[in-house]
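Structure first, commentary second.
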Amino acid sequence: MKIFQHVSDIGNLQQALADAFEIKQNRYKYQELGKNKTAMLIFFNNSLRTRLSTQKAALNLGMNVIVLDVNQGAWKLETERGVIMESDKSEHLLEAIPVMGCYCDLIGVRSFARFESRKDDYEEKILNQFIQYSGRPVFFMESATVHPLQAFADLITIEEYKDKTFIQPNPLFGGNPVQRTPNRRPKVVLSWAPHPKALPQAVPNSFAEWMNAADVDFVVTHPEGYELDPQFVGNAPVEYDQMKAFEGADFIYAKNWSCPGVTRPEDYGKVLGDYHDYLSWTVSDRQMAVTNQAFFMHCLPVRRNIIVTDSVIEAPTSIVIPEAANREISATVVLKRMLESL
Ligand code: CP
């Protein structure tokens, strides 16, 4: 695997899941594979989970790791070709990228949507330059439009929990055990939730793309105006009534995203209206009551009592921590596949 961007890059999903559960049984099984190989992780944006889990994955495989926070300690980078470089940006990406490639065997890049141009974001202008000029395999650690390491971890988590019938309370928060009867084919709902700031569409895009490829009944719910790009949402049913969408669900995946600009390109990257007017979309016990004792998922970080109430995220059926833990597993599988292709 030379690029990890889309679900199609990982190939057969059942095989990818089998690889994930093999790694989970013994995450150090392939320690020799990465010996004397270096992973370089480039962050244009903040991170907790991606930064830590991907480093851990590289260490699991015996690799060395270099982490660069582009905006803290490196030269500020110009990304536009043809610019007269008079600003505070001292180095151009077109030199920086091949130089970075000299020092490593694999490159992971995090570079969020900039919301300056829908075209630039959806054409993946930054990540594609890494693919073109680094000379190295490139994996996306959340780009302008996708977050495949997250979506793969989400799929692993759904696979682990879909058949569970008895759930112990979270030792941190207490409560009573939950008994549930799973649907034969799990119903998975991606629900928009409110947020005060404009957030990218990378997580919901990838989640939709991966769920469309998985063996689940997938439904998307959001207010009108937040339609996701068809290349990711495909033919998944979209339900504008959140309560209706939640009925009988086995998994609720909450996430905010700003306007994708599908129906009104001029609204791309905007929060539509005053987010206070959308607080009925906050995932609470009211919506969870109509589900099939659904598991609650979120990629984290999450704003409590805006995206989700304390009671839902602390419930025994909240699986946000195991979901985050699976980031190490998804990253280990992806780096292993990339090492095998060197
Ligand atoms: N879910 C996720 O990607 O978390 P970070 O932004 O902390 O890496």
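Axis of helix 148-161 versus longest Cα principal axis of the chain: the two differ by about 30°, to the nearest ten degrees.
Each of T263, T157, T54 was scored by other Cβ atoms within 10 Å of its Cβ. Arranged with the fewest first, they read T263, T157, T54. The angle between the Cα long axis of helix 93-102 and the longest principal axis of the Cα atoms of the chain comes to about 90 degrees, rounded to the nearest 10. Between the Cα long axis of helix 320-340 and the first principal axis of the chain there is an angle of about 40°, rounded to the nearest 10.
If both residues of a DSSP beta bridge must be in the stretch 101-239, then about 25% of such bridges are antiparallel.
Note on the stretch 150-324: Rg/Rh from Cα positions, Kirkwood definition for Rh, rounded to two decimals, is 0.94. Taking the square roots of 5 times each eigenvalue of the Cα gyration tensor of the chain, largest first, gives ellipsoid semi-axes of 33, 26, 17 Å.
We did not get these values from a lab; they are worked out from the coordinates using the rules stated. These figures come from a predicted structure and were not determined experimentally. Here Cβ is always computed from backbone atoms with ideal geometry, including for glycine, and neighbour counts include all displayed protein chains.
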